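The values are calculated or read from the model by the stated rules, or taken from the named source; none is laboratory data. Since the model is a prediction, treat every value here as computed from it, not as a measurement. A quick note on method: Cβ atoms are made from the backbone with ideal geometry, for glycine too, and the neighbour counts reach across all protein chains shown. All accessible areas refer to the heavy atoms of the entire protein, side chains included, with ligands and DNA or RNA removed. Shrake-Rupley method; radii C 1.70, N 1.55, O 1.52, S 1.80 Å.
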Amino acid sequence: MRAWAIMLSGLLIWAAHFFILYGIGEFIGDGFASRLAIAALTGVCLAICALLAAAVMRMPPRDFFGKWRMQLAFAGLGIGALAILWQGLPALLA
Amino acid sequence: MSSETGFDPALYARFPTRAPRPDEEKEELAHIWCAPKGWDYLTAVNNSYIGLYYLGTAFLFFLLAGILALLMRVQLAAPLMEVLPQAVYNQVFTMHGTVMMFLFAVPAVEAAGVLLLPQMLAARDLPFPRLSAYAFWAYAVGGLCFFASIFVGLAPDGGWFMYPPLTSKAYSPGINTDFWLLGIGFIEISAIAGAIEIIVGVLRTRAPGMSLDRMPIFAWAMLVFAAMIVIAFPSVILATLLLEIERAFGWPFFDAGRGGDPLLWQHLFWFFGHPEVYIIFLPAAGMVSMIVATVARTELVGYRLIVLALLATGFISFGVWAHHMFATGLPPMTTGFFSAASMAVSIPAGIQVFAWIATLAVGKPRYSAPGLFVIGSILIFVTGGLTGVMVAMVPFDWQAHDSYFIVAHLHYVLIGGMVFPLFAAFYYWIPSISRRPLSDRLGRWVFGLMFAGMNIAFLPMHLSGLQGMPRRVSTYLPGQGLALPNLVSTVGAFLLAAGVLLFLVDLVRNFRFAPGGGTAGNVHDAGTLEWLPTELYSVRSIPVVASREPLWDDPALAARVEAGRYFLPRSATGLRETIVTSPLRAEPQYLQILPGPSPWPIAAAIFTAGFFLALTVQAYGFGLASGLFAVIAVLRWLWESDRRVAAERVDIGAGIEVPTYVTGSASHGWWAMVILLIVMGMIFVMGLFSLAFLWSNQPSYWAPPPAFRGAVPILLLDLAAAALAIGGRRLLLRGAAWPVVAFVLSTAALGGALWLDRGQWAAAGFAAEASGQGAAVFALLALQGAAVATGALMAGYCAARALRGLVTRPANTSIDLTMLFLAYAAIQGLVGALFTRAVGA
Ligand code: HEM
């Protein structure tokens, strides 16, 4: 479980971010408070991505497969962070 | 090297073994996995047969839906044609879309998985052969009955996404819509059964040493595909269930006049429907990645990035469902989120396309039939992807919505993303199952006709769409500039059909099924394991995998595998068996005894089909009996499973010993149950979403729910049920004789909690027919009822096994799985009781 959670962490954070954003849009609606919440959430998610990326980089790669997994997780965190930023933009810029 | 399970990787150095293996071992394997004869073809469960039946049936549906497409194109060839009356046209486009999406595209790729994965992973078979057989027969029987509805004028006619209110009883009073709802509901069960098989198969039956980074990209694609089915299909299962209940009993989920909302259907449908496009595309992309490397005679460029792209597509595709609803008046901010995700999802698809182009660029491509189909697929898919990015822009979508521009876009994506890769796969992989390969010369003609036909048919549709031709119209007036593009489209469609016809000719001339060996062999000089010599038992011995393209890196591997120099060169127990390995590094864990042929999967499938069809024509008595027989057949097939063999540990090669029976979270059964519970959990979560959605969109119909206080005894009973279930398993671990008593008590507690919960809602004056809120709450209670009934059945089954002395101590898989299910049902009951009281409190 832990191994999968690390490998998929970037995408999992993206999913959590997206569905909370959708929940805010659907159930709470547009407004200053919603936008503030979205900005805060986007910031928090980006920070978690950065922290996890740093942690992944520090993990000792034990062998080729271990290194491969870490690289996948790292790239996933990068893609996840970009997607989170992109996903938050409609609310932050509009 | 590190280990995942405690297995010492140094043991791999014992392979290849040196001592010669006796020929009798091969004979014994051939005997155990012998080919069926006569009627036995119906009871076969081996992936070589089921995979082929599955693929053949899916292709048959492609042909049938293709004929419907041609009929439509004839009708649209010129203005005011009278080939198909309007009402029939509605049935024809609905059936065409539905059959293509549900009966061809998803089953075809699932079938390819069942057929190819065991060989690709060097497993003897996937872990649940009978489940595969059930999934196939359910699909085949149900699908053919569903298709037959068109011959009696009862085919559904509300479009492939069946929007209410058009499909509500008021506007579609006949049983046409019920055929769709029940037929599709049923086929989804088969898709989920297949997905469970594929996930557990890919993660647990890979050849030793095939760690995730060495897994063929097709296996990765199938893994993501199956996981997406598990998350996406529950939504449409729930949607079809709710609409059918609304039509049959008047519970107003989608009736805006009574507190329901037709947009709820669109959310539920598209939460499945858009990922469905990627569900179809990903395995096909996996096929392209495999073929492109062989065709270019080089390693796939960007393997790691492609894996990441597959995973990212799997995730992001769940954030795009509402882009089908831009024209419904979603809140602007929400529209923005979905627009952003819709653009983002093209990035992973782009990564794959660039990786394929790079592979072709660095290699020395052979422009054989599979190579041409791959290149054609890239061109067509990219065109469809670009128009996809166009319609992801909301203002453009408002213009193009429901026009022929969308028909063009979706066909470019689906044909480029799935049909061309499938034809590439036919030309590529048929030599691995047939005595003769298909003809490359004919294949090039097939490609030429299909590629030209596809573009001539669908390119002009962009134009007719931009000129204002709406989709789903059976005709149009002259003088609007639509006649020429439509005529050209029709010519193109027939050209495409000519290509498919030529392919059939090629198939008849050259395809000679050779499940028992003697195939054309590795004609493309490919590097992956499915090109090892195989028989019905798959490979003679299961190799240790040390790279992604083992046959390229070790040309002598095939000979050594055939000589039995690796794992499992013989049957260790005299039964069908395969090695179960760990999910990350594929370290050998235990030997799984595989079930053999059985009439029960097909019997269960026929009765399941009978159940659903009887409901459609409102023959409730027959339906009930059929449902009962289906349950009995499933129990009967399970009864023969979960048995220990005499030897507790066996040698699987080179003196390496593994157990023959494993329980708990390491067992394949546990994994399958967890996946099934995720499916059930998703159905339930979508039910909770439906309730919250109706509350937020129809607040004027909302009444205060019963007080939280009343939920306390319900929670206590549910907690007791969970504790009893877990306690029952513990009792067995401690050697107690009657753990099933705890299960029976657990079921009683679950039933009590449900009874209390339902009573409180009824006492508060709620009724399912009265409002959207009542309907949603009682639907959730009904789901819980289904879980409790299933739990009771499982507890009864365990009791029967205990009476027969089949519950082995100190641990037993049937007990484990029942415990998991009961504990899940308790959590579901508890969450439901709290959530329904919280919404609108
Ligand atoms: C083989 C050539 C094909 C042709 C000539 C063709 C033609 C058509 C036509 C004429 C329509 C109806 C448009 C309308 O009236 O709105 C249509 C709809 C559709 N087609 Fe195809 N099609 C083909 C292949 C496919 C394939 C391979 C798929 C999926 C894998 C597919 C999926 C659909 C869907 C989902 C619809 C929408 C149905 C609806 O509006 O409910 N088609 N196609």
query: With point charges of +1 on the Cβ of Lys and Arg and -1 on the Cβ of Asp and Glu, referenced to the Cα centre of the protein assembly as shown, which listed residue (B:456, B:278, B:475) lies farthest in the positive direction of the dipole?
result: B:278
- prompt: Among B:3, B:439, B:746, what's the order by accessible area (1.4 angstrom probe), most exposed first?
  reply: B:3, B:439, B:746
- prompt: Dipole of chain A (Lys/Arg Cβ +1, Asp/Glu Cβ -1, origin at the Cα centre): which of A:79, A:18, A:5 lies farthest to the positive side?
  reply: A:5
- prompt: Which lysines have a Cα lying under 27 Å from the Cα of residue B:37, excluding residues fewer than 8 positions away in the same chain?
  reply: B:26
message: Buried by at least 40 Å² relative to the chain on its own: which residues of segment B:279-310 qualify, computing accessible area with a 1.4 Å probe on protein heavy atoms?
response: B:304, B:308
List B:509, B:214, ordered by accessible area with a 1.4 Å probe, largest first: B:509, B:214
query: Given a 1.4 Å probe and the protein chains all in place, what does the accessible area of residue B:204 round to, in Å² to the nearest 10?
result: 0
- request: Name the aspartates and glutamates eligible as straight-distance cross-link partners of residue A:67: C-alpha to C-alpha under 14 Å, and not fewer than 8 places from it in the same chain.
  value: B:213
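Using only the C-alpha atoms of segment B:181-248, find the volume of their convex hull and express it per residue in Å³.
68
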Probe 1.4 Å, protein heavy atoms only - accessible area per residue of segment B:45-510 in square angstrom: 28
statement: Distance in nm between residue B:297 and residue B:484 label points, each 7 Å along Cα→Cβ, equals 4.7
Volume per residue that the Cα convex hull of chain A spans, once the total is divided by residue count, Å³: 77
statement: The answer for the net charge of residues other than residue B:130 whose Cβ lies under 13 angstrom from its Cβ, with Lys and Arg +1 and Asp and Glu -1, is -2
query: Alpha carbon centre of segment B:87-137 versus segment B:469-520: separation in Å?
result: 21
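Rounded, prolate or oblate: which one fits segment B:45-510, using the alpha carbon gyration tensor with axes a ≥ b ≥ c (rounded when a/c is under 1.5, else prolate when a/b beats b/c, else oblate)?
Rounded, since a/c falls under 1.5.
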query: Among B:522, B:564, B:302, whose Cα lies farthest out toward the positive end of the dipole of the protein assembly as shown, if unit charges sit on the beta carbon of Lys, Arg (+1) and Asp, Glu (-1)?
result: B:564
- request: Would you mind finding the longest exposed-site-free stretch of chain B, with exposed GluC sites (Glu not before Pro) meaning DSSP loop and at most 14 other Cβ atoms within 10 Å?
  value: B:83-639
- request: With a point put 7 Å past each Cα toward its Cβ, work out how far residue B:14 is from residue B:553 in nm, to one decimal.
  value: 2.2
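May I ask you to compute the full-extension gain from residue B:328 to residue B:708, defined as 0.36 nm times their residue separation minus their alpha-carbon distance, rounded to one decimal in nm?
Taking residue B:328 through residue B:708 to full extension adds about 133.2 nm, to one decimal.
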task: Would you mind calculating the gained length between residue B:347 and residue B:389 on full extension (0.36 nm times residue separation, minus the Cα-Cα distance), in nm to one decimal?
output: 14.1 nm
message: Nearest 100 Å² is fine: what is the total accessible surface buried where chains A and B meet, probe 1.4 Å?
response: 3300
- request: Pop out the carbon and sulfur fraction of the accessible area of segment B:691-838 as a percent, whole number, probe 1.4 Å.
  value: 70
message: Please check segment A:75-94 for residues whose accessible area, probe 1.4 Å, is lower by 30 Å² or more when all protein chains are in place than in their chain alone.
response: A:79, A:86, A:87, A:90
query: Given a Förster radius of 30 Å and the C-beta distance between residue B:841 and residue B:248 as r, what FRET efficiency does 1/(1 + (r/R0)^6) yield to the nearest 0.05?
result: 0.45
task: Mind giving me the nanometre distance, one decimal, between the label points for residue B:525 and residue B:358, set 7 Å out from Cα along Cα→Cβ?
output: 2.5
field: Between segment B:695-758 and segment B:343-397, the Cα center-to-center distance that results, in Å
entry: 51
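Indicate the gyration tensor shape class of chain B (rounded, prolate or oblate), computed on the Cα atoms with a ≥ b ≥ c the square roots of the eigenvalues: a/c under 1.5 is rounded; otherwise a/b larger than b/c is prolate and the rest oblate.
It comes out oblate by the Cα gyration axes.
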query: So for B:528, B:573, what's the accessible-area order with a 1.4 Å probe, most first?
result: B:573, B:528
- prompt: Based on the inverse mean of 1/r over its pairs of different Cα atoms, what is the Kirkwood hydrodynamic radius of the protein assembly as shown, in Å?
  reply: 29.0
query: Counting only the heavy atoms of the protein chains, how much of residue B:81 is accessible to a 1.4 Å probe, in Å² to the nearest 10?
result: 60
- line: Computed over segment A:2-93, protein heavy atoms only, probe 1.4 angstrom, the accessible area per residue in square angstrom equals 48
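How large is the charge dipole for segment B:45-510, taken about the Cα centre, if only the Cβ atoms of Lys, Arg (+1) and Asp, Glu (-1) carry charge, to the nearest 20 debye?
1260
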- request: Treat every Asp and Glu Cβ in the protein assembly as shown as -1 and every Lys and Arg Cβ as +1, leave all other atoms uncharged, and give the resulting dipole magnitude about the Cα centre to the nearest 20 debye.
  value: 1200
query: What does the charge add up to near residue B:216, with Lys and Arg as +1, Asp and Glu as -1, over the other residues with Cβ less than 11 Å from its Cβ?
result: +1
message: Are there DSSP H segments in chain B that both extend 30 Å or more along their axis (alpha-carbon positions) and score a mean Kyte-Doolittle hydropathy of at least 0.5? List them, or say none.
response: B:47-76, B:176-204, B:217-249, B:262-296, B:369-392, B:440-466, B:483-510, B:668-697, B:711-733, B:739-763, B:772-803, B:813-838
- request: Find how much the distance from residue A:59 to residue A:37 grows on full extension, using 0.36 nm per residue of separation minus their present alpha carbon separation; answer in nm with one decimal.
  value: 4.6 nm
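How large is Rg over Rh for segment B:691-838, taking Rg from the Cα atoms and Rh as the Kirkwood inverse mean of 1/r across Cα pairs? It would help to have the intermediate numbers written out before the result.
Values: Rg = 17.6 Å, Rh = 16.1 Å.
Here Rg/Rh amounts to 1.09.
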